[in-house]
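Here's the structure we're looking at; comments come further down.
Taken together, the values in this text are just the output of simple stated rules run on the coordinates, not laboratory data. Note that the structure is predicted; figures quoted are calculated from it, not measured.
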Amino acid sequence: SNDPKKLKQGSTISGWQFENTGTANGTSSGANIALIQNNATAVTAGTRLGCVNFSGVYNTTDSSIVGSQFCSRSIETFTSTAAGSYAYIATTPAGGSSPTEKIRIQADGNVGIGTSAPSKTLCVGSTCQASIDSSGIVQPAGYKSSDGSAGVTGATCTAWKNGLCTSL
């Protein structure tokens, strides 16, 4: 059935397959919902693997608009041994009509808030205005971390409190 109100296990809608497999990675682990990009061709880099959209109706004809979404895209061609991907959260600003990416989780585990290319474990802002170093310490831009790795401008922090640099 293509009626989303009556979506059943094994249903296919416009090249996407919905399953409640009851397994994850071949082991029984309770319910597992799988959105499978299924258009009979191999997934290539940049393919949208799926999205969960949060939408609302805006008029009496049931027209809806997406407010926010959680999505995933491939970063490589999928094979039986390669399935690299990243996930992101997109939101729509007040007065806007289209969600844009705000948070990304890269395939290497780096998380970016306000950047689509986080270069550290946690990167805030397009130029990593704050990040977490390899010791797990929050680093505002411009400081050197306790493990010696340089911040954005390479200044040295001389006083630390609760994992934050408090003085240059």
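Observations on the model:
- Residues whose amide H falls under 5 Å from that of residue 125, counting only those 5 or more places apart or on a different chain, are 113, 114, 115, with hydrogens built in the peptide plane.
- A cut-off of 5 Å between modelled amide H atoms, ignoring neighbours fewer than 5 places along the same chain, links residue 132 with 121, 122, 139.
- Stretch gain in nm, segment residue 91-residue 76, where the contour uses 0.36 nm per residue and the Cα spacing is subtracted: 2.9 nm
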